Structure formats: structure tokens, C-alpha cells
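Note sheet for the following structure.
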Amino acid sequence: MDTTPQLQRIHPTAVVDKNARLARDVEIGPYCVIGANVELGEGVRLISHAVIDGHTSVGAQTIIYPFASLGMTPQHLSYKGEPTRLVIGSNNVIREHVTMHVGTAQGSMETRVGSHSFFMAGCHVAHDCVIEDHVILTNNVALGGHVHVGEYANIGGLSGVHQYVRIGKHAMIGGVTGVDKDVIPYALVMGNRARLNGLNIVGMRRRGFSREDIRSLRTAYGLLFSQGGTMAERLNEVADLFGSNAGVMDIINFIREDSSRPICIPVAGNGNGNGH
């Protein structure tokens, strides 16, 4: 059996800075450009015409399609060339014309993308965003700066997310939605300006949530967005009733966290958590 390590495959038309750090078996296709401060993990594959620059690292087995641009300077008027970073995890698919920028000194100095996510053509991830694992950004989704997207969230095509917005885990954002408020975990939101339309029931079923857990989330959702008392009172009531349910507590803790954005609330007459 041949135990010789597989060599890097770099097309002769690619421009790769001599200081870039490339793991074994990296594949760099025609007309790609790789900057001096770039690090590519094992099995990373660039199809062609991709540009990776800045202080950028890409995790193992990630595939990058033509005309993706990763690690360029942020679209931020106060950026002065600080050595900020873009950190991308492993096993991601980054399709054509996706852009991801490094962070800023005014933020966390870092834009961070997790693993096992799918970024469809034309998506934009702005400076200082944090994207957790197993996220899907559909075609032409645009994330403003400092957006935080929880694991397993799914954002529909042509949607825009305002800077500093938080999107909770397992949330589903409908297509062509403007998201200018925080979206609780497990939520389904849609609309010209996003409004809660219940819970992401289909997504939870697909990921193996039990009927009991979904029933508890529905009941908790209905109580949280009822008309009685204050939100603080309703949070305490639901925490007392469902303190042992991890999903319900995800929502409660999310709402209780500090944020510069308000919480997205249900449309009139749709506070029962039925979702789709």
C-alpha cells in the first residue's frame, strides 16, 4: 500500500504567496489568488477563480467555488488596516460569489464561521459576524456587521439581516425577509419586516425532536407571547413550568440576554406557536 502523503495540487495559473500556509492535499484550481496570511486546512478545495486574502484560515475539507472572495477588508469606514481575522471552520460549502470579510477593531477583531454550513451563491457575511455550525444561507442572503446566527438556522433567499441582530438556533427565516429584530430560537419568521409566524415545526421534526418536546415548545411559545402580564412575568412563569426542558430554556435565556435589538414578535392573531 502506498503511504506517500498526497501532494498539494496547485494549478499553474494560480497565484499563491510563498508565505501562505497550505496543508497537504490542498487543491487550488485555475486563476485562484491566495494571500500571504492565509492558512488552508487539509483537503481544502478551491475550484477556480477564488480569492482568499487577509488574516484568513479555512478549516479542513471546505470547498470554495468560483469567484468567492474571502478575507478582504471590511466595508466599514473606520477600518484602518488593523490585522483582524476571518476564521472559517471545517466541512463548509461556499458557493459562487460568496463574500466574507475580516473583523474590525470596533468589534471583536474577528469574523467567525463554524463548520458543516452551506453558503449558497451570492451570500455576504460582514465584519464581526459569528455563524455557528450547520447553518444554511440561501442565495443572496446579506448579513450586516456583528450578526450572530445560531446552529442549524436557515435563512431564506434574498433576505437581509440588520447589523447586531441575533438569530437563534434552529430558526427559519422565510425568503425575501428584512430582519431588523432578534429572532428567538426555533422560530419561524417572514415578511417585509420580519414577524414571528410561530415555530419552525418542520425543521424540528426533520432533526428528530420528540413530539413531547415540540408540544412543550408550542405551549411555552403561546404563554410567552400571550397578552397577560409583562414579558418579565411571563418569562418567570414559563421558566417555572418548563425549567427542565432544554429547548424552552434556550428561548428564555435568549430573550433574557443583553442585546441592542428588540425581539421579533408575532403577527396579530398568530401567537399559538403552530408554525409550519
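The values are calculated or read from the model by the stated rules, or taken from the named source; none is laboratory data. Owing to the predicted nature of the structure, the values given are computational and were not obtained by experimental measurement. Every residue, glycine among them, receives a Cβ derived from its backbone with ideal geometry; neighbour counts consider all protein chains shown.
Does any residue of the stretch 92-101 turn out to be under 29 Å from R218 (Cα atoms), of a type in the set (D, E) and assigned to a loop (DSSP other than H, G, I, E, B)?
Scanning the stretch 92-101, I find no residue that is under 29 Å from R218 (Cα atoms), of a type in the set (D, E) and assigned to a loop (DSSP other than H, G, I, E, B), so the answer is no.
Kindly provide the set of residues from the stretch 101-123 that are over 15 Å from I155 (Cβ atoms) and either of a type in the set (A, V, I, L, M) or in contact (Cβ under 8 Å) with a residue 60 or more places away in the chain (or both), ordered by number.
Within the stretch 101-123, V102, A105, M109 meet the criteria.
Which one of V189, V238 is modelled with pLDDT of 95 or more, over 27 Å from N91 (Cα atoms), of a type in the set (A, V, I, L, M, F, W, C) and outside any helix (DSSP H, G or I)?
Checking each option against the conditions leaves just V189.
Take the residues in the stretch 55-82 that are farther than 20 Å from F119 by Cα and of a type outside the set (S, T, N, Q); name whichever of them is surrounded by the fewest Cβ atoms within 10 Å (Cβ to Cβ).
L77
Which pairs do you get when a residue that is basic (K, R), found in the stretch 14-31, comes within reach of a residue that is in a loop (DSSP other than H, G, I, E, B) and surrounded by fewer than 16 Cβ atoms within 10 Å (Cβ to Cβ), reach meaning Cβ atoms under 6 angstrom, with the pair 6+ apart or on two chains?
Filtered contacts from the stretch 14-31: R24/P5.
Find the residue count for the stretch 32-73, including only residues that are without any contact (Cβ under 8 Å) to a residue 24 or more places away in the chain, in contact with a Gly (Cβ under 9 Å, 6 or more places away or on another chain) and of a type in the set (V, I, T).
Total meeting the criteria: 4.
Out of the residues in the stretch 120-146 meeting the condition of being more than 14 Å from T99 (Cβ to Cβ) and not hydroxyl-bearing (S, T, Y), tell me which one is surrounded by the most Cβ atoms within 10 Å (Cβ to Cβ).
Residue satisfying both the conditions and the ranking: D128.
Could you list, in sequence order, all residues of the stretch 185-221 that are under 16 Å from the mean Cα position of the chain (by Cα) and closer than 14 Å to F242 by Cβ?
Of everything in the stretch 185-221, those that are under 16 Å from the mean Cα position of the chain (by Cα) and closer than 14 Å to F242 by Cβ turn out to be P185, Y186.
How many residues does the stretch 210-229 contain that are at pLDDT 95 or above and exposed (fewer than 14 other Cβ atoms within 10 Å of the Cβ)?
Total meeting the criteria: 4.
Among the residues of the stretch 192-207, is any farther than 17 Å from P262 by Cα, assigned to a loop (DSSP other than H, G, I, E, B) and either in contact with a helix residue (DSSP H, G or I) (Cβ under 6 Å, 6 or more places away or on another chain) or among the basic types (K, R) (or both)?
Checked against the condition, which is being farther than 17 Å from P262 by Cα, assigned to a loop (DSSP other than H, G, I, E, B) and either in contact with a helix residue (DSSP H, G or I) (Cβ under 6 Å, 6 or more places away or on another chain) or among the basic types (K, R) (or both), the stretch 192-207 yields at least one hit.
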